[in-house]
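Scroll down for the structure; my scribbles are underneath it.
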Amino acid sequence: MQDDILRLAYEVSRITEEKVDRIDRVMKQTGMLAINARLEAARAGEAGRPFSVVAQELGQLAGSISAIGAELRSAIASNIASLRTAGSQMLIDFKGTRHTDLARSAVEIIDRNLYERSCDVRWWATDSSVTDVLEEPTEANIARAAERLATILRSYTVYLDVWVADRDGRVIATGRPDRYPHALGQTVAHEDWFRTAMGTHSGDDFRVCDITTNATLGDAQVATYSTAVRAAGQTRGHVIGALGIFFDWAPQASAILDGIGLSPAERTTSRLMLLDANHRIIAASDGEGVCTEFYPLQPDARDSGYYQQDGKLIAFAVTPGYETYRGLGWLGCIESQMGEA
């Protein structure tokens with residue numbers, strides 16, 4: 001509808017200019033005829049005097065009509081300019097509001113997805129195979145834990161691996177030892193997911209780290225969720241180790257960005273992104289700068305909105321969180337070229 005209004009304004013402007021130009025041409029011709037008529041009347045002497053008066057009046061009338069045409073052109077041009085400005089701003093506001101809503105939708109979908117991950121890690125930390133292997137790390141218990149974790153991974157395809165680490169941070173069981181053999185036996189005591197997990201206060205707590213590239217998992221981009229494993233799986237039991245689950249970030253984020261409701265034409269002139277709280281790019285529709293670059297977003301203390309810069313419209317929205325998952329302050333962001341509806 002906004003496009004139609006703007007196109008109508010341009011068409012009115014074009015037709016008006018065309019018609020006023022035609023009036024000008026007719027009035028110029030009329031003026032020339034009036035001049036010629038007065039010259040002929042002058043040659044005719046006294047007999048041509050009445051005709052001279054008519055010719056003079058005709059010339060004045062032509063001048064008046066030309067002046068009216070000029071005034072009309074000026075008035076129409078001024079109003080059309082205002083209409084164009086208003087129409088352009090309406091297009092910007094419409095597009096900005098719509099893209100802001102789409103950016104919010106993208107980050108909300110991510111948070112709903114990640115909320116489920118927070119439930120998974122707390123649930124699996126109470127599994128008997130996990131608690132048993134930490135309380136008694138025998139070969140039989142390690143094999144049983146590995147089998148159980150492998151079963152989980154076959155059912156939950158969004159994960160790359162699941163690791164069980166003892167109190168010292170040594171990984172003693174994983175779900176995919178064949179695919180990621182270097183995970184077993186490594187020390188993760190210095191890694192954020194382990195340290196923060198060990199600091200949780202109860203089995204209801206969990207920790208989540210921002211998107212990172214994990215070298216042990218083939219340099220994959222992962223969202224890591226963790227929690228402490230407690231004796232006998234009790235909510236207030238003493239801590240005997242930690243469980244870390246590695247969410248396969250890239251394909252899930254890509255699927256969400258692909259699902260954002262932009263038209264094919266809009267996608268050719270837009271860049272869709274997910275940003276962390278520091279505006280680091282953690283997903284992008286063009287695949288550029290993921291986990292390596294920061295986007296120069298200017299939210300101006302707003303949780304959502306849009307603004308123009310360098311011929312682009314930037315729309316953004318901060319995650320509102322979902323259920324008990326408050327999120328990490330991530331944002332959805334859409335950068336689009338101006339001039340496209």
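The values are calculated or read from the model by the stated rules, or taken from the named source; none is laboratory data. Just so we're clear, the structure is a prediction, and the values are computed from it rather than from any experiment. Cβ placement follows ideal geometry from the backbone for every residue including glycine, while neighbour counts extend to all protein chains displayed. Surface areas here come from the heavy atoms of the whole protein model, side chains and all, with no ligands, DNA or RNA. Shrake-Rupley method; radii C 1.70, N 1.55, O 1.52, S 1.80 Å.
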Descending accessible area (1.4 Å probe), largest on the left, turns Ile23, Ile240 into Ile23, Ile240
The set of residues whose placed amide H lies less than 5 Å from the amide H of Ala317, leaving out same-chain residues fewer than 5 positions away, is Gly332
What is the distance, in nm, between label points placed 7 Å from the Cα along the Cα-to-Cβ direction at Arg267 and at Asp24? 4.8
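Sorted by packing (mean other beta-carbon atoms within 10 Å per residue), highest first, where do 117-130, 257-270 land?
On the way: 117-130: 19.3, 257-270: 14.4.
Peptide ranking by packing, descending: 117-130, 257-270.
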Computing the accessible area with a 1.4 Å probe over protein heavy atoms, can you report the carbon and sulfur percentage for segment 217-341? 46
So between Asp286 and Glu136, what do we pick up on full extension, going 0.36 nm a residue minus the alpha carbon distance? 49.2 nm
What's the extension gain from Glu147 to Ala232 if we count 0.36 nm per residue and subtract their Cα-Cα distance? 28.7 nm
Protection-proxy order for peptides 326-336, 299-309, 282-292, each taking the mean of Cβ atoms within 10 Å per residue, highest first: 326-336, 282-292, 299-309
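Sort His99, His238 by accessible area with a 1.4 Å probe, largest first.
His238, His99
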Expressed as a whole number of Å, what is the distance separating the alpha-carbon centroids of segment 197-214 and segment 267-305? 24
How large is ³J(HN,Hα), in whole Hz, for each residue of segment 175-184 in order, when computed from phi with the Karplus curve 6.51 cos²θ - 1.76 cosθ + 1.60 and θ = phi - 60°, using x for Gly and Pro? x, 9, x, 6, 6, 10, x, 7, 6, 5
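In Å², what does the accessible area per residue of segment 208-296 work out to with a 1.4 Å probe? Don't jump to the answer; show the numbers that get you there.
Working: 3480 Å² over 89 residues.
That works out to 39 Å² for each residue.
Using a Förster distance of 51 angstrom, determine the FRET efficiency expected from the C-beta separation of Ala277 and Val12, and round it to 0.05. Could the numbers behind the result be given before it?
Numbers: r = 49 Å, r/R0 = 0.95.
Efficiency at R0 = 51 Å is approximately 0.55.
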Per residue of segment 247-261, in order, report the coupling 6.51 cos²θ - 1.76 cosθ + 1.60 (Karplus, θ = phi - 60°) as ³J(HN,Hα) in whole Hz, putting x for Gly and Pro. 6, 6, 5, 4, x, 5, 5, 4, 5, 5, 5, 5, x, 5, x
In what sequence, largest accessible area first, do Val158, Val188 appear using a 1.4 Å probe? Val158, Val188
